[in-house]
Protein chains: 2
Amino acid sequence: MARWQPGAPDRLQQAAMELFAERGFEATTVADIAARAGVTERTFFRHFADKREVLFFGQDLLQSAFVGAITDAPEGMSAIALVSAALEAGAKGLQEARGQSHARARDAIISANHALQERELLKLAGLARAVTAALVARGVAPARARLAGDLAMAAFAAAFQQWVESGQTRDLTDLVHEATSTLRDIATS
Amino acid sequence: MARWQPGAPDRLQQAAMELFAERGFEATTVADIAARAGVTERTFFRHFADKREVLFFGQDLLQSAFVGAITDAPEGMSAIALVSAALEAGAKGLQEARGQSHARARDAIISANHALQERELLKLAGLARAVTAALVARGVAPARARLAGDLAMAAFAAAFQQWVESGQTRDLTDLVHEATSTLRDIATS
DNA sequence: GCACTGATGTCAGTTACTGTCATCGCGTAC
DNA sequence: GTACGCGATGACAGTAACTGACATCAGTGC
């Protein structure tokens with residue numbers, strides 16, 4: 001008999017999502033989460049840097065999708081084309097990774113709390129920097145790459161919000177294309 | 001004789017900036033800040049919602065500059081033209097408000113700490129939403145306005161970073177123009 | 001069998017933040 | 001000029017996030 005059940009991080013994340021959905025983020029203590037997952041509070045903090053981080057598990061997968069698409073793109077593409085490829089890969093990855101209902105539940109929790117929105121913005125900025133670095137590696141000038149990275153995240157965030165609000169009746173990839181097109185339209189008007 | 005010295009918020013902010021610069025954000029306790037400002041810890045939290053907020057005092061002025069420029073702009077301007085006007089007003093306001101050295105010192109403190117960067121991103125997102133709302137009030141379609149607001153903040157943040165890194169030898173307004181121009185260039189390439 | 005590793009439990013401690021009540025200078029009404 | 005209320009503060013107790021140090025114990029390699 002094993003001394004402890006494996007998969008503590010997953011159990012903790014699930015317990016946290018349930019409790020946040022039931023009582024809200026602030027009304028849930030880390031001790032509550034740990035108890036439901038069958039571990040101690042100290043173990044929670046061994047797996048997650050802080051209470052908020054438990055909701056941002058696996059964002060590195062999304063980052064890999066973005067960066068990989070840029071790195072693997074054929075030669076001779078413009079910055080905006082590289083960004084489009086990255087967004088498409090990210091949209092596909094997000095739709096496959098956890099499923100639509102999970103994304104929606106998670107979004108509802110985050111939207112209900114300022115501290116969580118703050119963390120999400122930090123993660124989004126991290127993605128933007130990763131895209132920027134990938135673009136620089138492809139020869140895009142740093143100042144240009146930074147703006148392109150921010151632009152990519154603006155389009156992705158806008159598309160994601162519409163996706164969630166639409167009840168997922170729309171395809172995320174289509175929404176990303178629309179957002180990119182709108183951005184182009186704004187800049188050239 | 002007054003029972004307490006006036007201007008507690010200002011004294012607290014100055015004490016916090018000094019201590020953060022000397023020891024760093026995490027190594028400074030709220031009790032330290034309060035002691036240097038000559039008040040108690042409890043008074044600190046009466047003026048600032050949390051320890052980080054003390055560094056973000058007066059961002060509403062910047063927001064007013066952005067929003068006012070959009071609201072007061074002449075009729076018939078495109079979304080990108082309204083955004084440009086807002087950015088110009090913001091750049092001017094920032095250069096006049098506190099001075100360059102203050103902006104640089106503050107930026108150094110924030111750059112050295114993740115939690116503070118997180119808060120800054122939240123403030124920036126708040127500005128983006130304010131710009132979005134002002135654009136909607138001017139008749140821009142919501143989805144378009146959201147992207148334009150994010151675009152504005154991307155340009156402003158990029159220009160601000162270059163301004164700080166350049167040692168302020170360059171004019172912020174010029175850098176904002178360059179960033180806007182680069183954005184247009186990316187979108188149309 | 002035995003040392004070693006790795007995930008966990010235990011426990012004490014710091015600090016951010018909050019709720020509540022007391023204090024007291026100052027202006028205002030009367 | 002005195003009573004009254006207001007507003008900013010102090011005092012103090014309490015909660016919960018997070019950290020460091022040490023103990024525990026199943027499995028693993030030798």
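So A:Ala21 clears everything in (1) more than 8 Å from DNA strand D (Cβ to nearest atom); (2) at pLDDT 95 or above; (3) in a loop (DSSP other than H, G, I, E, B) except one condition, right? Which one?
(3)
Cβ contacts < 7 Å: first residue at negative phi and among the charged types (D, E, K, R), restricted to the stretch B:34-49; second residue within 11 Å of DNA strand C (Cβ to nearest atom) and assigned to a helix (DSSP H, G or I), any location; separation 6+ or different chain. Result?
That search, which allows pairs on different chains as well, returns B:Arg36/B:Leu19; B:Glu41/B:Val30; B:Glu41/B:Ala31; B:Glu41/B:Ala34.
Within the stretch B:51-61, take every residue that is within 14 Å of chain A (Cβ to nearest Cβ) and in a loop (DSSP other than H, G, I, E, B) and give me the one that is farthest from DNA strand D (Cβ to nearest atom).
In the first step, residues of the stretch B:51-61 are kept if they are within 14 Å of chain A (Cβ to nearest Cβ); the result is B:51-53, B:56.
The next check asks that each one be in a loop (DSSP other than H, G, I, E, B); those that pass are B:51, B:56.
Details: B:Lys51: 12, B:Phe56: 19 Å.
Filtering first and then ranking leaves B:Phe56.
Hey, can you tell me all the residues within the stretch B:1-18 that are more than 12 Å from DNA strand D (Cβ to nearest atom) and not polar (S, T, N, Q)? Reasoning before the result, please.
So in the stretch B:1-18, the residues more than 12 Å from DNA strand D (Cβ to nearest atom) come out as B:1, B:13-18.
Within the stretch B:1-18, B:Met1, B:Ala15, B:Ala16, B:Met17, B:Glu18 meet the criteria.
Looking only at the stretch A:101-138, how many residues end up being buried (at least 19 other Cβ atoms within 10 Å of the Cβ), β-branched (Val, Ile, Thr) and in contact (Cβ under 8 Å) with a residue 24 or more places away in the chain?
Count: 2.
Within 16 Å of DNA strand C (Cβ to nearest atom), among the hydrophobic types (A, V, I, L, M, F, W, C) and within 14 Å of chain B (Cβ to nearest Cβ) - does that describe any residue in the stretch A:62-83? Can you show your working first?
So in the stretch A:62-83, the residues within 16 Å of DNA strand C (Cβ to nearest atom) come out as none.
No; the residues of the stretch A:62-83 include none that is within 16 Å of DNA strand C (Cβ to nearest atom), among the hydrophobic types (A, V, I, L, M, F, W, C) and within 14 Å of chain B (Cβ to nearest Cβ).
Select from the stretch B:34-50 the residues that are part of a loop (DSSP other than H, G, I, E, B) and surrounded by 14 or more Cβ atoms within 10 Å (Cβ to Cβ) and list them in ascending order.
Keep residues of the stretch B:34-50 that are part of a loop (DSSP other than H, G, I, E, B), which gives B:38-40, B:48-50.
B:Val39, B:Phe48 - these are the residues of the stretch B:34-50 that are part of a loop (DSSP other than H, G, I, E, B) and surrounded by 14 or more Cβ atoms within 10 Å (Cβ to Cβ).
In contact (Cβ under 8 Å) with a residue 60 or more places away in the chain, within 19 Å of A:Phe156 (Cβ to Cβ) and within 12 Å of another protein chain (Cβ to nearest Cβ): does that describe B:Ala158? Full working, then the answer.
Numbers: in contact (Cβ under 8 Å) with a residue 60 or more places away in the chain: no; within 19 Å of A:Phe156 (Cβ to Cβ): yes; within 12 Å of another protein chain (Cβ to nearest Cβ): yes.
Spelling it out, it is not the case that B:Ala158 is in contact (Cβ under 8 Å) with a residue 60 or more places away in the chain, within 19 Å of A:Phe156 (Cβ to Cβ) and within 12 Å of another protein chain (Cβ to nearest Cβ).
Could you list all residues from the stretch B:13-56 that are of a type in the set (S, T, N, Q) and more than 22 Å from B:Ala112 (Cβ to Cβ)?
Going residue by residue through the stretch B:13-56, those that are of a type in the set (S, T, N, Q) are B:13-14, B:28-29, B:40, B:43.
Across the stretch B:13-56, the qualifying residues are B:Thr40, B:Thr43.
Scanning for something within 16 Å of DNA strand C (Cβ to nearest atom) and over 27 Å from B:Lys123 (Cα atoms), does the stretch A:101-111 turn up at least one residue?
Taking the stretch A:101-111 and keeping what is within 16 Å of DNA strand C (Cβ to nearest atom), we get none.
No; the residues of the stretch A:101-111 include none that is within 16 Å of DNA strand C (Cβ to nearest atom) and over 27 Å from B:Lys123 (Cα atoms).
Taking the stretch A:1-49 only, how many residues are more than 12 Å from DNA strand C (Cβ to nearest atom), within 14 Å of chain B (Cβ to nearest Cβ) and among the charged types (D, E, K, R)?
0
Just for the stretch A:163-189: of the residues that are part of a helix (DSSP H, G or I) and facing chain B (nearest Cβ under 7 Å), which one is farthest from A:Ala65 (Cα to Cα)?
Narrowing the stretch A:163-189 to residues part of a helix (DSSP H, G or I): A:163-165, A:172-188.
Pick out the ones that are also facing chain B (nearest Cβ under 7 Å) and you get A:179, A:182-184, A:186-188.
Values: A:Ala179: 19, A:Thr182: 23, A:Leu183: 22, A:Arg184: 23, A:Ile186: 27, A:Ala187: 27, A:Thr188: 29 Å.
So, considering only residues that are part of a helix (DSSP H, G or I) and facing chain B (nearest Cβ under 7 Å), the one farthest from A:Ala65 (Cα to Cα) is A:Thr188.
Given (1) under 29 Å from A:Gln161 (Cα atoms); (2) in contact with a helix residue (DSSP H, G or I) (Cβ under 9 Å, 6 or more places away or on another chain), where does B:Gly139 come up short, assuming only one miss?
(2)
When A:Ala31 is evaluated against the numbered criteria (1) exposed (fewer than 13 other Cβ atoms within 10 Å of the Cβ); (2) part of a loop (DSSP other than H, G, I, E, B), which criterion, by number, is the only one it fails?
(2)
Kindly establish whether A:Ala65 is surrounded by 15 or more Cβ atoms within 10 Å (Cβ to Cβ), farther than 25 Å from B:Lys123 by Cα and not assigned by TED's automatic domain parsing to the domain that holds A:Gln162. Walk me through it before giving the result.
On the way: surrounded by 15 or more Cβ atoms within 10 Å (Cβ to Cβ): yes; farther than 25 Å from B:Lys123 by Cα: yes; not assigned by TED's automatic domain parsing to the domain that holds A:Gln162: no.
It is false that A:Ala65 is surrounded by 15 or more Cβ atoms within 10 Å (Cβ to Cβ), farther than 25 Å from B:Lys123 by Cα and not assigned by TED's automatic domain parsing to the domain that holds A:Gln162.
The values are calculated or read from the model by the stated rules, or taken from the named source; none is laboratory data. Since this is a predicted model, take the numbers as computed values, not measurements. All Cβ positions, glycine included, derive from the backbone under ideal geometry; neighbour counts span all protein chains shown.
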